[in-house]
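What follows is a single structure, written as structure tokens, with notes after it.
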Amino acid sequence: MAQQNFVVSDRIPAPARNLLLLLQSTLKLPKSQCQQIIQEGGVRVNGKSRTKSHQQLECGDRVEVQWLPQPVQLRSQGKKATSLETFSVVYDDQDLLVVHKPANLLTVPTPHRESRTLISLVTAHLKRTATGEQAYCVHRLDRGVSGLLVFAKSIEVAELIRDQFAARKPDRQYVAIVTGTWRKEQGTIRTHLATDDDLNRYSTTDTDKGELAITHYEVREQWSDASLLEVRLETGRRNQIRVHLAEAEHPVLGDPRYRPQQATHWAWPYRRIALHAESLGFQHPRTTEPLSFKSNWPKEFRDFQRLVKKQ
């Protein structure tokens, strides 16, 4: 199923230009499922995430539905997770949950309505361990990327954490293994990212068409034909790190979308992207206490480093 996009028509009367009503009418889904899509950050209006169901829209507003909920009948199949689809809990309290996501697991369903995603596994975990709690997605990692993610346990907490992300407050540090020797030890990549018809992201000079994306990087290690980068996100656009590094002629190893022919290395045979969300820091939405978490490197990273250092 293709990604769902539509433009608010002037034929729709003003009282009906409510985000929830428009989604119900366009997607032909129940109210509860449309509310879930909105509340979990699955809707963008004119390029910006919108998480409030009651928001009124204007004629000409562009609405993009980034994912659809999985069919209800798939939620109760009870399949056991394989070792590649499990996650680990890093932090858990009454308001939020920080987890480590493995590679090759979607954070949320795509329009294809996948039944096994991180949010479905986290929701099932909360149902088993806490009465009445539900997981609300705050931010995401691409399918092939591993590392730290935070989920809220209520809409209120989700909004508070999303506000921090919108204000660029959380500290998000990644490690990436890229092709080639990076000449500049540190720097900042600043572009506007747009989306083409195939949903690929690219940098554009048209600031009205693209979203501002800022990536800071520092070289940790250099090898003869690859580099290990520490990457910090100031903004968190979809595919931001992958696009910026690929456009700099140093694509992330294993990336199947952005310069895949260059994104290869003899010591990286894995079907995943060499990108890992290593640390995450933000302010607790209730207590305002600063929270900081760190995730160990995946085995693939450690094995790669060992092999290239032998050369």
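We did not get these values from a lab; they are worked out from the coordinates using the rules stated. Small disclaimer: the values here were computed from a predicted structure and weren't measured. With ideal geometry, Cβ positions are generated from the backbone for all residues, glycine too; neighbour counts draw on all protein chains shown.
Put in line by how crowded their Cβ is, counting other Cβ atoms within 10 Å and starting with the fewest, Ile38, Ile273 read Ile38, Ile273. The separation of the range 255-311 from the range 84-161, counted between C-alpha centres, amounts to 18 Å. Here is the P(r) of the range 4-65: all C-alpha pair distances, binned every 5 Å from 0, give 4, 20, 35, 28, 11, 1 in whole percents. Taking θ as phi - 60° and the Karplus parameters 6.51, -1.76 and 1.60, the scalar couplings of the range 275-292 work out to 9, 9, 6, 7, 9, 9, x, 7, 9, 4, x, 9, 8, 6, 5, x, 10, 9 Hz in sequence order, x denoting glycine and proline.
Pairwise inverse Cα distances across the range 171-262, averaged and inverted, put the Kirkwood hydrodynamic radius at 13.4 Å.
For Asp61, the residues 5 or more places off, or on other chains, whose built amide H falls under 5 Å of its own are Val8.
Across q = 0.08 Å⁻¹, the chain modelled as identical point scatterers on its alpha-carbon atoms has Debye log10 I(q)/I(0) values of -0.37, in the order of the q list. What the phi angles of the range 108-122 give under the Karplus curve with 6.51, -1.76 and 1.60, with θ = phi - 60°, is a coupling list of 9, x, 8, x, 7, 6, 4, 7, 10, 9, 4, 5, 5, 5, 5 Hz, glycine and proline written as x.
Close amide H pairs (under 5 Å, H built 1.01 Å from N) link Thr235 with Ile214, residues at least 5 positions away or on another chain. Considering every alpha-carbon pair of the range 202-241, the percent of pairs per 5 Å bin, from zero through the bin containing the longest distance, is 5, 21, 20, 19, 14, 11, 6, 2, 0.
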